[in-house]
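First the structure, in the form of structure tokens, and then the observations on it.
The values are calculated or read from the model by the stated rules, or taken from the named source; none is laboratory data. None of these values were measured; they are calculated from a predicted model. When we count neighbours, we look across all protein chains shown, and the Cβ atoms used for this are built from the backbone with ideal geometry, even at glycine.
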Amino acid sequence: MHIRHSPGCLGGAAFETMEQTHEGRFRPHLEGRQLSESESLSGAMGDRLINYTFFQEAYFVNDLDASIERWNDLFGAGPFRKSPHHQTDRFHYRGTDQEADVSYAFGYLGEIMIQFIVQHDDTPSIYRDMFAAGEEGFHHVAILVHDFEAEYQRLLDKGFVDACRLYADGVDAAYFDTRSVNGCFTEIHGDPPRILGRFAELKRAHELWRPGDSIYLEN
């Protein structure tokens, strides 16, 4: 079960079970009645991200290739797809248009996506907010959200700072400074079908990977 819950009342009906949708999310049944997608993803569930689980852990590193090799050797993570000098269509960092030069690598370890990030300059960023040049460490968790604007507003309403928001490759993403809660940033990431398909391909490559195979995937 991906979502912890306890018996209670919700709209006058007892919270009974959770059903997985065809998109992999979960929504509740209430005394035999299934909530609609709009009910389940809006106010009916309160102000928590209760329908979502972490799909990604992200680490800030000094060297993408060295990190990929170490994680593959130790944990069997990967294969990884690299995104050098990532470009966005729209971007802001703490109310400015400053955009750092960063490269990414993405791969799976079991059910969780692993992301590595390298920053190539000293431009102020969500990464420099936590790590000086030469430092490494855990940076953020990420959640896939179906109604991006609703979840974005929900976190703003909770008082968290929108440290960075971007639009790239047809999908929205935003990074909230939640260090007061979990010691790191929290990313919300849109879930258009095309993106989910890419993630599924990456996960399938991980499931099929065997020692001796390449630890890299072509872009």
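Here are some notes:
- Qualifying residue in segment 187-209 (condition: surrounded by 18 or more Cβ atoms within 10 Å (Cβ to Cβ) and under 24 Å from D121 (Cα atoms)): yes
Residues checked against (1) modelled with pLDDT of 95 or more; (2) of a type outside the set (V, I, T); (3) surrounded by fewer than 18 Cβ atoms within 10 Å (Cβ to Cβ):
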site: I112; (1), (2), (3): yes, no, yes
site: F116; (1), (2), (3): yes, yes, no
site: H120; (1), (2), (3): yes, yes, yes
site: T123; (1), (2), (3): yes, no, yes
site: H139; (1), (2), (3): yes, yes, no
site: A163; (1), (2), (3): yes, yes, no
site: Y175; (1), (2), (3): yes, yes, no
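- Positions within segment 148-179 being outside any strand (DSSP E or B) and under 18 Å from A58 (Cα atoms), in sequence order: T178, R179
- D162 under 21 Å from G95 (Cα atoms), in contact with a helix residue (DSSP H, G or I) (Cβ under 8 Å, 6 or more places away or on another chain) and either basic (K, R) or without any contact (Cβ under 8 Å) to a residue 24 or more places away in the chain (or both): yes
- Hits in segment 52-72 - residues which are buried (at least 18 other Cβ atoms within 10 Å of the Cβ) and of a type in the set (S, T, N, Q): Q56, S67, N72
- Checking the stated criteria, I50 turns out not to satisfy the condition of being among the β-branched types (V, I, T), at pLDDT 95 or above and within 17 Å of the chain's Cα centre (by Cα).
- Criterion applied to E57, E19 was being charged (D, E, K, R) and modelled with pLDDT under 95, and the one residue passing it is E19.
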